[in-house]
Amino acid sequence: MEGAVIILRWLQFAGAAGLFGLSLFQLYSPASAARVGRRGTLVLTASCLIVLASLGGLVAQTAVMAGGLAAALDPTALSMVTFQMGLGQAHLARAALGLAAFSLILAGVRGRLLWWGLAGLGLGVCATFAWSGHAAATEGALGLPHRLSDVVHVVAAGAWIGALIGFLTLVGRGAGTDRQTLYRALAEFAGIGTLAVAALTVTGLINAWVLIGPAALPTALGTAYGVLLAIKLVVFAGMLGLAAANRFQLTPALGRAEDDAAMLVAVDRLRQSLILETTLGLLVLALVAALGTLAPPVALI
């Protein structure tokens with residue numbers, strides 16, 4: 001069941017990024033009028049994914065704790081994990097927020113009110129992960145700061161990956177977005193993207209300090225957690241490289257395009273870069289999902 005827990009955690013992370021990041025993209029992007037129908041469908045799908053993966057994850061986590069799927073389906077065991085443990089309550093809250101987002105879309109709410117509501121619900125979904133991961137187990141004076149750091153970390157990741165998905169709706173084949181709309185959307189994201197990277201870096205250092213610690217740092221690479229964390233950092237560095245290329249090379253090239261042929265080449269290069277960056281982002285989420293099931297080095301001292 002450990003494999004199922006990892007997959008379902010990954011789906012929850014992906015759903016949270018889709019709900020929060022795409023809704024936020026719709027609010028700050030000057031291209032919000034372009035491909036709004038496609039983004040609405042993606043957010044609806046993300047909301048549904050959050051509900052199903054959270055409930056499935058709750059059962060899978062119970063199965064791991066209870067020693068098997070049959071035991072997890074026992075009402076007493078499932079009820080205990082759901083209502084008496086922070087992990088279960090976090091899963092339940094996540095599913096409820098996803099259901100609220102799903103219902104808000106189906107209720108026919110339109111315009112910025114819809115996107116503000118969805119972004120707020122997505123923010124709540126992101127926050128719940130701090131109570132179903134390693135931060136929830138941190139005790140003492142570091143407990144609250146670690147959980148707050150975890151919340152900011154997940155929110156920043158969701159904003160970044162959700163924006164990448166939003167850009168893909170603009171540069172996808174047949175999207176029909178004009179050059180100026182795309183260029184303005186990319187330029188507008190520059191500040192938000194920089195803020196997200198800064199937040200991820202600072203909170204990542206805080207989390208590493210708490211979960212690895214100075215004493216365990218020399219031997220961290222000798223643990224499964226340390227190896228996966230190193231891989232995550234390499235993939236994250238790849239995302240940073242692609243983001244820098246998008247901002248300082250590909251986006252200016254799009255702005256300088258003087259004819260249709262040059263514009264098509266610039267958009268195609270952006271599309272390829274964004275697809276790769278999004279793929280790396282989803283891989284980071286998968287690695288984080290796996291890391292959450294492993295004992296951190298500080299716990300092995």
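The calculated 222 nm mean residue ellipticity attributable to helices in the chain amounts to -26000 deg cm²/dmol, summing -39500 (n - 2.57) over DSSP H runs of n ≥ 4 and dividing by all residues.
Determine the distance separating the Cα centre of region 41-67 from the Cα centre of region 270-293; give it in Å without decimals. What the calculation gives is 19 Å, centre to centre. Put a dot 7 Å past the Cα of Glu2, heading toward its Cβ, do the same for Arg184, and the two dots end up 5.2 nm apart. Summing Cβ point charges (Lys, Arg +1; Asp, Glu -1) relative to the Cα centre of region 67-221 gives a dipole of roughly 500 debye.
Using a simple spin-label model with pseudo-atoms 7 Å out from Cα toward Cβ, Leu73 and Trp209 lie 4.7 nm apart.
Gain on full extension, evaluated as 0.36 nm per residue between Leu195 and Phe248 minus their Cα-Cα distance, stands at 17.4 nm. Any chance you could tell me what percent of the C-alpha pair distances in region 181-282 go past 18 Å? Above the 18 Å cut-off, region 181-282 has 58 percent of its Cα pairs.
With contacts taken as Cα pairs under 8 Å at a separation of at least 6 residues, the chain carries a relative contact order of 23 percent.
Highest mean first, the peptides 199-211, 88-100 sorted by other C-beta atoms within 10 Å per residue fall in the order 88-100, 199-211. For region 35-117, the list of chymotrypsin sites (Phe, Trp or Tyr not before Pro) that fall in a loop by DSSP and count at most 12 other C-beta atoms within 10 angstrom is empty.
Read the figures in this text as sums done on the coordinates, not as results from a lab. The shown structure was predicted, so the numbers you read here are calculated from the model rather than taken from an experiment. As a convention, Cβ positions derive from the backbone with ideal geometry for all residues, glycine included, and neighbour counts pool all protein chains shown.
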